[in-house]
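*Asks:* The structure follows.
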Amino acid sequence: MGVVPLYGARPCIGRDLSAAPNLVAERGCGLGRPMHVLEATVSTNDEALRAAREGAPHGATWVAEHQSGGRGRRGREWVSAPGEGLLFSVVLRLSCAPSRLPPIALVAGLAVRAAIVQALPGVDVKIKWPNDVWVAGRKIAGVLIETVTVGASVEAFVLGVGINVHTRIFPDELASVATSVALLSEGDPPDRAGLLADTLASLDRDLHMVVAGGLGLFRARLEAADGLRGLRVISDSGDSGVASGIDDDGRLLVRRDDGVLARWNSGEVRLAGARSS
Ligand code: BTN
């Protein structure tokens with residue numbers, strides 16, 4: 001089943017992650033096996049991309065205590081102090097057209113949200129289209145999907161997830177736009193192994209569903225989770241309007257001031273009056 005030993009002989013940083021391989025294996029989830037737990041790497045997405053090119057199977061997962069070059073969408077950095085975040089990447093071998101990528105990305109965000117909801121009962125957790133996870137307008141998690149292509153076809157996807165878990169103090173530039181599971185928890189300290197197992201289980205179920213049946217199956221969940229709906233949004237090209245839902249191709253519906261319902265493809269969206277996170 002391929003559980004890779006934890007940390008070698010070096011001290012581990014966060015004990016709450018050490019149970020992850022066994023917990024995931026016990027759940028019988030199709031993702032997370034084999035699981036490689038690293039003390040440090042440049043980026044778990046790099047690890048998974050490299051392995052995917054070398055034939056790693058569907059579900060192979062890399063999780064790290066620290067990344068020296070973690071990256072987010074649109075060339076941003078993903079910063080997380082050692083031991084504070086849940087940082088992982090999964091190789092996905094899904095037989096579907098590249099046009100399914102926006103729906104897959106959205107559903108990945110929904111699955112991450114579902115796991116965070118389990119960790120934070122009673123907290124109103126939302127999706128910021130296309131796949132950020134938000135609480136009260138602050139980012140708690142992000143998803144980055146990258147592809148391994150051969151010629152014109154997609155051979156594999158790498159799904160990278162970063163969840164702010166134990167962080168209580170963010171760097172100045174993130175302090176007003178980020179939050180964490182620890183900051184929102186009222187009970188026990190968060191358990192990253194449980195959060196990882198819950199996230200992988202949700203991803204496993206939801207990714208199969210979206211590949212088989214498309215985004216229509218997620219309509220109710222998308223509407224309940226859509227944190228932008230009704231808010232005034234601005235695209236990176238300067239278009240603006242009121243966010244009015246998400247269509248079955250994963251595009252953001254935006255009611256422009258001239259009344260036209262525009263469909264925005266995946267890109268940068270910010271709230272009017274807010275700075276980008
Ligand atoms: C975003 O919000 O822009 C996406 C953030 C994705 C961050 C995760 S952390 C684990 C994986 N490795 C990376 O380098 N990035 C993703």
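No lab work stands behind these numbers, since they all come straight from the coordinates. Since the model is a prediction, treat every value here as computed from it, not as a measurement. Don't worry about glycine lacking a Cβ; one is built from the backbone with ideal geometry, like all the others, and counts go over all protein chains shown.
*Asks:* For the stretch 154-250, count all C-alpha to C-alpha pairs, find those more than 23 Å apart, and express that count as a whole percent of the total.
*Replies:* The proportion of pairs with Cα distances above 23 Å equals 51 percent.
*Asks:* Let me ask something else about it. So for the chain, what percent of the C-alpha to C-alpha distances run longer than 28 Å?
*Replies:* When every Cα pair of the chain is considered, 32 percent fall beyond 28 Å.
*Asks:* Going by average Cβ neighbours within 10 Å, how do the peptides 77-90, 52-65, 208-221, 147-160 rank, with the highest at the top?
*Replies:* Packing order, densest peptide first, comes out as 77-90, 52-65, 147-160, 208-221.
*Asks:* Sorted by mean Cβ packing within 10 Å, highest first, what order do the peptides 233-243, 102-112 take?
*Replies:* 102-112, 233-243
*Asks:* Kindly provide the helix-only [θ] at 222 nm of the chain, computed as the sum of -39,500 (n - 2.57) over DSSP H runs of four or more divided by all residues, to the nearest 500 deg cm²/dmol?
*Replies:* Per the formula, -8000 deg cm²/dmol.
*Asks:* Under the Kirkwood approximation applied to all pairs of distinct alpha-carbon atoms, what is the hydrodynamic radius of the stretch 101-161 in Å?
*Replies:* Result for the stretch 101-161, one decimal place: 12.3 Å.
*Asks:* Please report Rg over Rh for the stretch 232-271, where both radii come from the alpha carbon positions and Rh follows the Kirkwood definition.
*Replies:* Rg/Rh: 0.92.
*Asks:* How would you order 249-256, 173-180 from highest to lowest mean count of nearby Cβ atoms within 10 Å?
*Replies:* Per-residue Cβ counts within 10 Å, averaged per peptide and sorted highest first, yield 249-256, 173-180.
*Asks:* Right, next: Length gain on complete extension for the stretch Leu231 to Val150, per 0.36 nm per residue less the alpha carbon to alpha carbon distance?
*Replies:* Gain on extension, Leu231 to Val150, equals 25.2 nm.
*Asks:* Would you kindly calculate the mean projected area, averaged across all directions, of the convex hull enclosing the Cα atoms of the stretch 1-141, in square nanometres?
*Replies:* 9.5
*Asks:* Quick one: which residues, 5+ away or cross-chain, put their amide H under 5 Å from the amide H of Ile145? H built at 1.01 Å from N.
*Replies:* HN-HN under 5 Å from Ile145: Gly160.
*Asks:* If contacts are Cα pairs under 8 angstrom and at least 6 residues apart, what is the relative contact order of the stretch 66-170 in percent?
*Replies:* 32
*Asks:* Then there's this: Considering amide H positions built from the backbone, and no H for Pro or chain starts, which residues 5 or more places from Gly72, or on another chain, come under 5 Å of its amide H?
*Replies:* Amide H neighbours of Gly72, under 5 Å, 5+ apart: Glu77, Trp78.
*Asks:* Let me ask you something else. Which one of Ser244, Val107, Gly122 is farthest out on the positive end of the charge dipole of the chain, using unit charges on Cβ (Lys, Arg +1; Asp, Glu -1) and the Cα centre as origin?
*Replies:* Farthest along the dipole direction, towards plus: Ser244.
*Asks:* Something else about it: Which listed residue (Ala178, Pro82, Ala225) has the Cα farthest towards the positive end of the charge dipole for the stretch 15-225, taking +1 on Lys and Arg C-beta and -1 on Asp and Glu C-beta about the Cα centre?
*Replies:* Ala225
*Asks:* Same structure again: Are there any helices in the chain, counted as whole DSSP H runs, that stretch 24 Å or more along their axis by Cα and score at least -1.0 on average by Kyte-Doolittle, and if so which?
*Replies:* Taking the DSSP H segments of the chain (at least 24 Å long, mean hydropathy at least -1.0), we get 101-119, 192-213.
*Asks:* Another question, if that's okay. Can you tally the net charge around Ser240? Count Lys and Arg as +1, Asp and Glu as -1, for every other residue whose Cβ sits under 15 Å from the Cβ of Ser240.
*Replies:* 0
*Asks:* Compute, for the stretch 232-271, the length of the dipole vector about the Cα centre, with Cβ point charges of +1 (Lys, Arg) and -1 (Asp, Glu) only. Units Debye, rounded to 20.
*Replies:* That gives a dipole near 140 debye.
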